[in-house]
Amino acid sequence: MSYTVKHNISLTVLLFALWFGLSGLFDVLMLSLGIASTLLVVYFSYRMDTIDRQKHPARLTLQLLRFWLFLSREVISANIDVVRRIFRPGKNISPQLFQLPMTKKTDLARVIYANSITLTPGTVCVKVNRKAITVHSLSKESADDLRSGRMADAVPEDERDEET
Amino acid sequence: MKHNLVLRFITKYLFPVIALFALYVQFHGDYGPGGGFQAGVILSVAFILYAMVFGMESMEKVLPLGLLRTLASTGVLIYAATGVTTLLMGGNFLDYDILSQLPIQGQHIGIMIIELGVGITVSAVMLIIFYAFTDRRNYD
Amino acid sequence: MIFTVATFAILVTISLGLARALMGPTVYDRILAVNMVGTKTVLLIAVFAVLSGRTNMIDIALTYALINLVGVVAVLKFVEQGNFYTDGEDD
Amino acid sequence: MIFVEIISWIFIFTGALLGIAGGIGIHRFPDFYSRLHAVGITDTMCAGCFIIGLCLQTGFTIASLKLLLIFVFLFFSCPTATHALADTAMLSGLKARLDKEQ
């Protein structure tokens, strides 16, 4: 109960901030229309949450910020690697398809993990479930890098998310 | 698509953003590109994404077809009622200047109400068309 | 000047993507190419909006960035199931 | 002021080159699954460089905020689309061409 209330309040605040960023008008009319729109959207999303029984937490932590910095560094280095492979003549890739054990316990951390694997060029997450994650990688080096678990350790996980 | 965990998650985050953006386009028609028709289409796209990922059964619980039919006609009624109101207040049909003391403000209010009606009708009709596409009785 | 270069580069990328969409051996290659063309279109609209000074047009790029995913999901669902009314298997 | 211009030009030029590299990549790689990686370039760093360059051009206004929002949305939706594509292709039984000597 209290979790749902907290979730809806944070969603409302985030959506109103988004409205304000998009509109940038200080009109009384526009602000009240913004509040009405936000409440309408939150109502529909609450209805959907109760119908399909899936709630998704919206939390911004310092950990997530640090993870984004880590991820952007990874993405840049992986980009340079893939661009080099595109322009290297002859046989330039050695594709691999392999499974990694899923070490994350909450769905949110699983999704962040899968999406950051996909976001890094050179590795694409093909399948995710509770036990394992199947990855297609462009080269043996990036596969070994994923196997070392550096990415998995960097993904932030909050055990409280499980109480949904 | 329901088996895909990532898609389900991202849909849950993306739906409020697309819907709010649609409402932003709805109400900022006179400051930038946009207006009732575009906003209605974007809003219905948000619901169509939800329907495709979570299946039609959940979608029909969120927005039943009967409610959509009511909304589609409500939009037209808003449009017509605005016209009749201006007629009753002594102007022509859809003569916005009458709606307020200042003609400019009257036009502002009038266009906003008209666009609201257009947006409601367009999004409801788009969703009705989508429901007709997914109706299994017409196939098989 | 730089905007001409940027627009030209984006158009070259779009034509390469369209060539893949026409050639693509499997249907998934075609969807992949169309997805890429969508991303480049967002960038093209953004570059054009800043170039011409009509920054209101960035809203259109924003719309396209949000809607691109929906198109890909719709085509994928249709390719996978052949219709829109079944949900697909549960996990 | 000219300093900011030059930095923004460098970013846009890098983005343009990366975009063309990704476009060449989807023609050079042999099968569907490796082409996904080439599209990954145009989705991440190419878009990022363009957006940063354009933000420097517009300065600190509401337009640059919207450009950053475009980047954030691409950041969420592009990997999702790629993952959904790969997942569906794998489910439909499309085989990946893998390296022989592992």
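The values are calculated or read from the model by the stated rules, or taken from the named source; none is laboratory data. Just so it is clear, the model here is predicted, and its values are computed rather than measured. Positions of Cβ are backbone-derived with ideal geometry, glycine not excepted, and every protein chain shown enters the neighbour counts. Note: accessible area is taken over every heavy atom of the protein model, side chains too, but ligands, DNA and RNA are not part of it. Shrake-Rupley method; radii C 1.70, N 1.55, O 1.52, S 1.80 Å.
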Point to revise | D:V39 vs. criteria more than 9 Å from chain C (Cβ to nearest Cβ) and assigned to a helix (DSSP H, G or I) | key: no
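Within chain C, which helices (runs of 4 or more DSSP H) (wholly inside it) include 2 or more residues that are more than 30 Å from B:F133 (Cα to Cα) and under 14 Å from the mean Cα position of the chain (by Cα)?
Counting at least 2 such residues, we get C:2-23, C:27-52.
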Point to revise | Tally of residues being open to solvent by less than 10 Å² (accessible area, probe 1.4 Å) and either within 11 Å of chain A (Cβ to nearest Cβ) or not in a helix (DSSP H, G or I) (or both) across segment D:52-63 | key: 1
**Study point:** Number of the condition not met by D:G19 [criteria: (1) under 17 Å from the mean Cα position of the chain (by Cα); (2) more than 7 Å from chain C (Cβ to nearest Cβ)]
**Key:** (2)
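Could you go through segment A:86-97 and let me know if any residue there is without any contact (Cβ under 8 Å) to a residue 12 or more places away in the chain and outside any loop (DSSP other than H, G, I, E, B).
Keep residues of segment A:86-97 that are without any contact (Cβ under 8 Å) to a residue 12 or more places away in the chain, which gives A:86-92.
Next, only the ones that are outside any loop (DSSP other than H, G, I, E, B) stay: A:86-87.
Checked against the condition, which is being without any contact (Cβ under 8 Å) to a residue 12 or more places away in the chain and outside any loop (DSSP other than H, G, I, E, B), segment A:86-97 yields at least one hit.
Table: residues versus (1) within 24 Å of A:V83 (Cα to Cα); (2) open to solvent by less than 10 Å² (accessible area, probe 1.4 Å).
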position	(1), (2)
D:M1	no, no
D:A21	yes, yes
D:H27	yes, no
D:S34	yes, yes
D:A38	yes, yes
D:F50	yes, yes
D:C78	yes, yes
D:H83	yes, yes
D:L91	no, no
Point to revise | Enumeration of residues in segment A:124-134 that are open to solvent by 10 Å² or more (accessible area, probe 1.4 Å) and either closer than 23 Å to A:S77 by Cβ or in a strand (DSSP E or B) (or both) | key: A:K127, A:V128, A:A132, A:T134
Practice item. Enumerate the pairs (first residue in segment B:80-98 and under 17 Å from B:I120 (Cβ atoms); second residue anywhere and open to solvent by 40 Å² or more (accessible area, probe 1.4 Å)) with beta-carbon separation below 7 Å, excluding pairs fewer than 6 apart on the same chain, so at least 6 apart or on different chains. Key: B:T82/B:L94; B:T82/B:I113; B:G83/B:F93; B:G83/B:L94
Check your understanding: What is the number of the single condition among (1) within 7 Å of another protein chain (Cβ to nearest Cβ); (2) out of contact with any Ser or Thr (no Cβ under 8 Å at 6 or more places or on another chain); (3) not in a helix (DSSP H, G or I) that D:L94 does not meet?
Key -> (2)
Review point. Taking B:L49 and the conditions (1) over 11 Å from the mean Cα position of the chain (by Cα); (2) open to solvent by 30 Å² or more (accessible area, probe 1.4 Å), which numbered condition does it fall short on, given that it satisfies the others?
Key: (2)
Review point. If you go through segment A:98-110, how many residues are more than 10 Å from chain D (Cβ to nearest Cβ) and not in a loop (DSSP other than H, G, I, E, B)?
Key: 7
Review point. Only one of C:N56, C:N35 is facing another protein chain (nearest Cβ under 7 Å), in contact (Cβ under 8 Å) with a residue 12 or more places away in the chain and either over 30 Å from B:H3 (Cβ atoms) or buried (at least 16 other Cβ atoms within 10 Å of the Cβ) (or both); which?
Key: C:N35
Review point. Counting residues that are closer than 19 Å to A:L33 by Cα and within 8 Å of another protein chain (Cβ to nearest Cβ), which helices (runs of 4 or more DSSP H) fully inside segment B:1-77 reach at least 1?
Key: B:5-27, B:36-54
